[in-house]
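Trainee: One structure, pasted below without further comment.
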Amino acid sequence: MELSGARALVVGASGVLGSGIARALVERGATVSVAGRDAGRLAPVAQACGTEPLVLDLVDTDACREVVGAAAAAMGGLDLLVVATGVAGFGPATDADPAVVEELFAVNTLGPMALVRAAAGRFEDGGTVAVLSAILAELPTNQMAEYSATKAALSTWLTVLRRENRRAFTVLDVRPPHLDTGLAERSLAGEPPKLPAPLPGQVVVDTVVEALASGATEVVWDAGAKELVAR
Ligand SMILES: NC(=O)c1ccc[n+]([C@@H]2O[C@H](COP(=O)([O-])OP(=O)(O)OC[C@H]3O[C@@H](n4cnc5c(N)ncnc54)[C@H](OP(=O)(O)O)[C@@H]3O)[C@@H](O)[C@H]2O)c1
């Protein structure tokens, strides 16, 4: 897609990847609305993007729809939705707290799906949705059963969404490996298992922006080449 002049909403812009993507889109000439949960973390990103912050909790699917509507109204339409929200949870599958499991699925799966549904109805001339799932969607990992399952469900949903809408809009599924953004330290429960050396989050930001510009449908870790690739 042409990024210059595109009207983009970045949800999760209070986070490390979301704020990086929002700022990078502004640098490429896009008009960017930003949404997140923590108003304090969101404020500097909104200021850098020259927009009013939109605050929401993804657990509230009505709020997801309203935020997309508010962003489209502010920008006079919508061409791109980026969903960079997410939370982790750790521990053995048999020990998981049901309330934590519900929140993981609400934030990582159901909220992003609600945002995408709301955006899909607003694209006038094509459009793109870019959603952060994770490598765990393909490589479920011990001590991360629920987190892996939320990402697998999201990624599967994106695959069908892409097939059903291939003539209407582009669906970009971003499945990075472990990153240096500190997500694991903000987990809802448990301690992370030993994880591989993290990839810099900036690599994901740069690859996502290039993927958007080129119309790629996946950003994935190439284990042989040991690099993140857009394809
Ligand atoms: N970091 C990694 O190792 C890694 C690897 C693969 C995939 N990913 C995925 O990349 C995405 C971005 O993660 P990140 O590394 O940039 O972590 P991050 O800095 O912690 O960002 C997470 C974002 O999710 C938002 N969020 C969490 N719960 C929310 C809720 N209930 N309602 C609204 N927003 C909520 C946070 O909002 P507030 O800060 O405003 O609360 C924040 O903007 C996530 O989907 C993550 O699963 C990360």
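Trainee: Does residue 83 meet the test of being closer than 30 Å to residue 5 by Cβ, modelled with pLDDT of 95 or more, within 14 Å of the ligand (Cβ to nearest atom) and in contact with a Pro (Cβ under 7 Å, 6 or more places away or on another chain)?
Mentor: The answer is yes for residue 83.
Trainee: Tell me which residues, restricted to region 165-188, are part of a helix (DSSP H, G or I) and without any contact (Cβ under 8 Å) to a residue 40 or more places away in the chain. Outline the logic, then answer.
Mentor: To start, the set of residues in region 165-188 that are part of a helix (DSSP H, G or I) comprises 183-186.
Correct list: 185 only.
Trainee: I'm trying to understand the selection: among the residues of region 110-142, which are in contact with a Lys or Arg (Cβ under 7 Å, 6 or more places away or on another chain) and not in a loop (DSSP other than H, G, I, E, B)?
Mentor: Result: 114, 118, 135, 136, 137.
Trainee: Something else: For region 99-133, which positions are more than 11 Å from the ligand (Cβ to nearest atom) and open to solvent by 60 Å² or more (accessible area, probe 1.4 Å)?
Mentor: Scanning region 99-133 gives 99, 102, 105, 117, 121, 122, 124, 125.
Trainee: Scan 185, 124 and give me the residue that is more than 14 Å from the chain's Cα centre (by Cα), under 20 Å from residue 15 (Cβ atoms), modelled with pLDDT under 95 and of a type in the set (D, E, K, R). Steps first, answer last, please.
Mentor: Details: 124 fails: under 20 Å from residue 15 (Cβ atoms).
Criteria check complete, one pass: 185.
Trainee: Out of all the residues in region 189-215, which are open to solvent by less than 60 Å² (accessible area, probe 1.4 Å) and near the ligand (Cβ under 9 Å from one of its atoms)?
Mentor: 195, 199, 201, 204
Trainee: From 24, 63, which residue is without any contact (Cβ under 8 Å) to a residue 24 or more places away in the chain, among the small types (Gly, Ala, Ser) and assigned to a helix (DSSP H, G or I)? Show your work before the answer.
Mentor: Details: 24 fails: without any contact (Cβ under 8 Å) to a residue 24 or more places away in the chain.
That would be 63, the only listed residue that is without any contact (Cβ under 8 Å) to a residue 24 or more places away in the chain, among the small types (Gly, Ala, Ser) and assigned to a helix (DSSP H, G or I).
Trainee: Residue check: is residue 146 buried (at least 20 other Cβ atoms within 10 Å of the Cβ) and among the acidic types (Asp, Glu)?
Mentor: Details: buried (at least 20 other Cβ atoms within 10 Å of the Cβ): yes; among the acidic types (Asp, Glu): yes.
Answer is yes for this residue.
Trainee: Condition first: outside any helix (DSSP H, G or I) and crowded, with 16+ Cβ neighbours inside 10 Å. Now tell me which residues in region 40-54 satisfy that.
Mentor: First, pick out the residues of region 40-54 that are outside any helix (DSSP H, G or I): 50-54.
Hits for region 40-54 are 51, 53, 54.
Trainee: Another question about this same structure. Would you call residue 162 within 25 Å of residue 1 (Cα to Cα), open to solvent by 40 Å² or more (accessible area, probe 1.4 Å) and part of a loop (DSSP other than H, G, I, E, B)? Lay out the reasoning, then the answer.
Mentor: Details: within 25 Å of residue 1 (Cα to Cα): yes; open to solvent by 40 Å² or more (accessible area, probe 1.4 Å): yes; part of a loop (DSSP other than H, G, I, E, B): no.
It is false that residue 162 is within 25 Å of residue 1 (Cα to Cα), open to solvent by 40 Å² or more (accessible area, probe 1.4 Å) and part of a loop (DSSP other than H, G, I, E, B).
Trainee: On to the next question. For the subset of region 1-30 comprising residues that are of a type in the set (Ser, Thr, Tyr) and crowded, with 19+ Cβ neighbours inside 10 Å, which member is farthest from the ligand (Cβ to nearest atom)? I'd like the intermediate steps shown before the answer.
Mentor: Residues of region 1-30 of a type in the set (Ser, Thr, Tyr): 4, 14, 19.
With crowded, with 19+ Cβ neighbours inside 10 Å added as a condition, the list becomes 14, 19.
Values: 14: 3, 19: 8 Å.
Going through the qualifying residues, I end up with 19.
Trainee: Mind listing whichever residues of region 66-96 are open to solvent by less than 50 Å² (accessible area, probe 1.4 Å), in a loop (DSSP other than H, G, I, E, B) and touching a Lys or Arg at 6+ places or on another chain (Cβ under 9 Å)? Full working, then the answer.
Mentor: Taking region 66-96 as the starting set, the residues that turn out to be open to solvent by less than 50 Å² (accessible area, probe 1.4 Å) are 67-72, 75, 77-91, 96.
Those still in the list that are in a loop (DSSP other than H, G, I, E, B) too: 77-79, 84-90, 96.
Within region 66-96, 77, 78, 79, 85, 86, 87, 88 meet the criteria.
Trainee: Tell me, please, whether a residue that is within 15 Å of the chain's Cα centre (by Cα) and within 26 Å of residue 129 (Cα to Cα) can be found in region 219-230. Give the derivation first.
Mentor: First, pick out the residues of region 219-230 that are within 15 Å of the chain's Cα centre (by Cα): 219-220.
Filter once more, keeping what is within 26 Å of residue 129 (Cα to Cα): 219-220.
Yes.
The values are calculated or read from the model by the stated rules, or taken from the named source; none is laboratory data. Every value quoted in this text rests on a predicted model; they were computed, and no experiment measured them. Positions of Cβ are generated from backbone atoms using ideal geometry, with glycine treated the same way; all protein chains shown enter the neighbour counts. Side chains included, ligands, DNA and RNA excluded: accessible areas come from the protein's heavy atoms. Shrake-Rupley method; radii C 1.70, N 1.55, O 1.52, S 1.80 Å.
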